[in-house]
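Written out below as structure tokens is the structure these notes cover.
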Amino acid sequence: MSDTSNPAAPAAIAPPPLAERLAAQLPYWIVPAMVVVGLALIGDLPAWGTLTLAGLAMGMMIFVMASGLTLVFGLMDVLNFGHGAFISVGAFVGASVMLALGGWMTAPSLWLNLAAVVAAILTAMAVTGGLGYAFERVIVRPVYGAHLKQILVTMGGLIVAEELIHLIWGPNEIPLTRPLALRGAWVFGEVAIEKYRVLAVALGAIIFLALRWALVRTKLGLLIRAGVENAEMVEALGYRVRMLFILVFVAGSALAGLGGVMWGLYEELITAQMGLNVLILVFIVVIIGGLGSVEGCFVGALMVGLMANYTGYLAPKLALGSNILLMVIVLMWRPRGLLPVGKG
Amino acid sequence: MPDALPDALLTLAGVHTHIAQYHILQGVDLTVPRGGLTMLLGRNGAGKTTTMRTIMGLWHASAGSVTLDGRDITAAQTPDISRLGVAYVPENMAIFAGLTVRENLVLAARSGPLADDRLDWIFGLFPALKKFWALPAGNLSGGQKQMLAIARAVVEPRDLILIDEPTKGLAPAIVQALIEAVNELKATDTTILMVEQNFHMARMVGDTVAVMDDGRVVHAGAMAELAADDALQTRLLGLSMDSHQ
Ligand SMILES: Nc1ncnc2c1ncn2[C@@H]1O[C@H](COP(=O)(O)OP(=O)(O)OP(=O)(O)O)[C@@H](O)[C@H]1O
Ligand SMILES: [Mg+2]
């Protein structure tokens, strides 16, 4: 037997028209286009360079914080406002480790500086990962499938976490100085390239590539992508989506903790509310990218980072609303986000 | 309604299923003999898909029992039922559109890497899958998606395969190909429970038949018997099978 005799078969996979293919590629060109338009509007090369690097760094950090959240939503339809708690807790745990390793932070050695940061990151990720596990069991599990309850309960979790931070670390914000080697900038003529921003961009890019690799190349990653499309069918193939979900939830919480450390070092100031503040941007990014889409989340995060920095320079009064405007525009163009996951 | 035959692989006894506040299955009795193909017929909304989903644990029976190979699976979870050797080809196929044909099959092969000889057999049944091996499954045509959905169910040997309306929306040439594939499957001793609206297909491949109406099985017996009895067809299905070819 053969179905290739079916004359419809070859036509069904013939490449779609050029316009359609370009439209599918379009989201990937938005970030480069924004950078070019930014240069035209700003007109000042050094300022543009600084803003672009700042925007990319900010975008990468938001991506790190948002990547887990988008998968959590895609896999189990869970709206988790508690995600902001992991960002704050990660920042506080990381800051505590770095303050405890003050000698390494101020030593004139790149390696000791980095060792302190790595120790802070690993500790923060371990703590927020563990916290994520507990949060899923205690707070999220009882409200599966009920969105309104999820919003209320996870918001409650966020508030409790903020109070716990006040209890443990005191009511005041904590200043955090970057380690010696990550302070300052490399200066080329008029262009100053801040060292920490370069590190943030590099770290974000590595996380993105690693996540992408895991989602495309490993069986576990395939299961997660399949589960985002159709969780029921993944179960019918014999896999427990609950287990996948717990894994993604823990990994996403740990990444939020990592993002919290990065954000804290970026702002050089840590507050219990920082998680909630940045969570708004995180949600915008998850929505712009398309729920459940890691690649969309990446593109959306870079857009948001650039938008915040460019408008902050060009039209400071608009800066606050610019990302909400960005979201509205993207959703009018693509109601399901830039790179939606095909729900099968 | 006959009780479970000694060689029944799957037995539903007095199964009731509620979906939300709706009482959909109202005491389904169904026996699927080991090694054969049982056709599940019935008009739209009779409860065929709901029966399949109840067997698979995607809905849970509120009363009655589902027994697989002597084991009570009424309250079992879907992944556990799957791992007892039950494969499911749902009505909407549920292929993973963002994954390639290969990746769809990799996930279906739970126990390890894809076996070459098994793949060759599948490619023999569905050559299109070989051709579009590395293509995202979402790009396949409707018929090819159906073939992928069936391939996913047979990528490793299973004891029981549930197939819900495989010919839905397919061209006659593909239906013929599907009949041949199902006949090959039957030759492998796999037990099949199939829902079908296409009576031509039903008659070609069915060994036994159960007809549902309003959430109950209203007739069960040999396929040949129903196929030969126009009056019975008209009474059970509202139409003669011949008029559906
Ligand atoms: N999720 C649901 N919520 C409420 N009612 C449902 C749901 N799914 C099915 N039903 C109802 O259950 C009844 C049986 O549906 P089912 O899908 O099992 O029928 P079917 O025999 O498979 O029909 P068809 O031949 O059209 O596929 C129908 O009346 C349908 O409206
Ligand atoms: Mg149906």
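A few remarks follow.
- Any chance B:Ile161 is facing chain A (nearest Cβ under 8 Å), aliphatic (A, V, I, L, M) and not in a helix (DSSP H, G or I): no
- Filtered residues of region A:55-82 (kept if at pLDDT 95 or above and farther than 16 Å from A:Gly290 by Cβ): A:Gly55, A:Leu56, A:Ala57, A:Met58, A:Gly59, A:Met60, A:Met61, A:Val64, A:Met65
- Close pairs (7 angstrom Cβ cut-off, 6 or more residues apart or separate chains): without any contact (Cβ under 8 Å) to a residue 40 or more places away in the chain in region B:134-145, open to solvent by 40 Å² or more (accessible area, probe 1.4 Å) and not in a helix (DSSP H, G or I) anywhere: B:Pro136/B:Gly98; B:Gly142/B:Gly169; B:Gly143/B:Ala171
- Verdict on A:Arg240 being at pLDDT 95 or above, open to solvent by 10 Å² or more (accessible area, probe 1.4 Å) and within 14 Å of chain B (Cβ to nearest Cβ): yes
Each row is one residue, and each column tells you yes or no for (1) touching a Phe, Trp or Tyr at 6+ places or on another chain (Cβ under 7 Å); (2) acidic (Asp, Glu); (3) more than 16 Å from ligand 2 (Cβ to nearest atom).
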{"position": "B:Leu162", "(1), (2), (3)": "yes, no, no"}
{"position": "B:Ala177", "(1), (2), (3)": "no, no, yes"}
{"position": "B:Leu185", "(1), (2), (3)": "no, no, yes"}
{"position": "B:Leu193", "(1), (2), (3)": "no, no, no"}
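- Unmet requirement for B:Ala210, which otherwise passes all of (1) open to solvent by less than 30 Å² (accessible area, probe 1.4 Å); (2) within 19 Å of B:Leu30 (Cβ to Cβ); (3) more than 16 Å from ligand 2 (Cβ to nearest atom): (3)
- A:Lys195 fulfils the conditions (1) touching a residue at least 60 places away in the same chain (Cβ under 8 Å); (2) surrounded by 13 or more Cβ atoms within 10 Å (Cβ to Cβ); (3) under 26 Å from A:Ala100 (Cα atoms); (4) more than 20 Å from the chain's Cα centre (by Cα) except for a single criterion, (1).
- Members of region B:34-51 found to be surrounded by 18 or more Cβ atoms within 10 Å (Cβ to Cβ) and either part of a strand (DSSP E or B) or more than 8 Å from ligand 1 (Cβ to nearest atom) (or both), listed by number: B:Gly36, B:Leu37, B:Thr38, B:Met39, B:Leu40, B:Leu41, B:Gly42
- Close pairs from region B:72-95: first more than 13 Å from ligand 2 (Cβ to nearest atom), partner hydroxyl-bearing (Ser, Thr, Tyr) and part of a loop (DSSP other than H, G, I, E, B), Cβ under 7 Å, at least 6 apart: B:Pro79/A:Tyr239
- Number of the condition not met by A:Leu281 [criteria: (1) part of a helix (DSSP H, G or I); (2) at pLDDT below 90]: (2)
- A:Gly259 being over 30 Å from B:Ser111 (Cα atoms) and buried (at least 24 other Cβ atoms within 10 Å of the Cβ): yes
- Within region B:58-89, the set of residues being within 14 Å of chain A (Cβ to nearest Cβ), open to solvent by 10 Å² or more (accessible area, probe 1.4 Å) and within 16 Å of ligand 1 (Cβ to nearest atom) comprises B:Leu58, B:Trp59, B:His60, B:Tyr88.
- Region B:179-223, residues that are in a loop (DSSP other than H, G, I, E, B) and within 14 Å of chain A (Cβ to nearest Cβ): B:Ala187
- Qualifying residue in region B:91-99 (condition: part of a strand (DSSP E or B), under 30 Å from B:Trp133 (Cα atoms) and either open to solvent by less than 40 Å² (accessible area, probe 1.4 Å) or more than 8 Å from chain A (Cβ to nearest Cβ) (or both)): no
- The residues in region B:161-207 that are closer than 30 Å to B:His18 by Cβ, in contact with a Gly (Cβ under 9 Å, 6 or more places away or on another chain) and surrounded by 21 or more Cβ atoms within 10 Å (Cβ to Cβ) can be counted, and the count is 6.
- The lone exception for B:Lys130 - which of (1) out of contact with any helix residue (DSSP H, G or I) (no Cβ under 6 Å at 6 or more places or on another chain); (2) of a type outside the set (Gly, Ala, Ser); (3) farther than 23 Å from B:Thr208 by Cβ it fails: (1)
The values are calculated or read from the model by the stated rules, or taken from the named source; none is laboratory data. Worth saying up front: this structure is predicted, and the values here are computed from it rather than measured. A quick note on method: Cβ atoms are made from the backbone with ideal geometry, for glycine too, and the neighbour counts reach across all protein chains shown. To get the accessible areas, we keep the full protein, side chains included, count just its heavy atoms, and leave off ligands, DNA and RNA. Shrake-Rupley method; radii C 1.70, N 1.55, O 1.52, S 1.80 Å.
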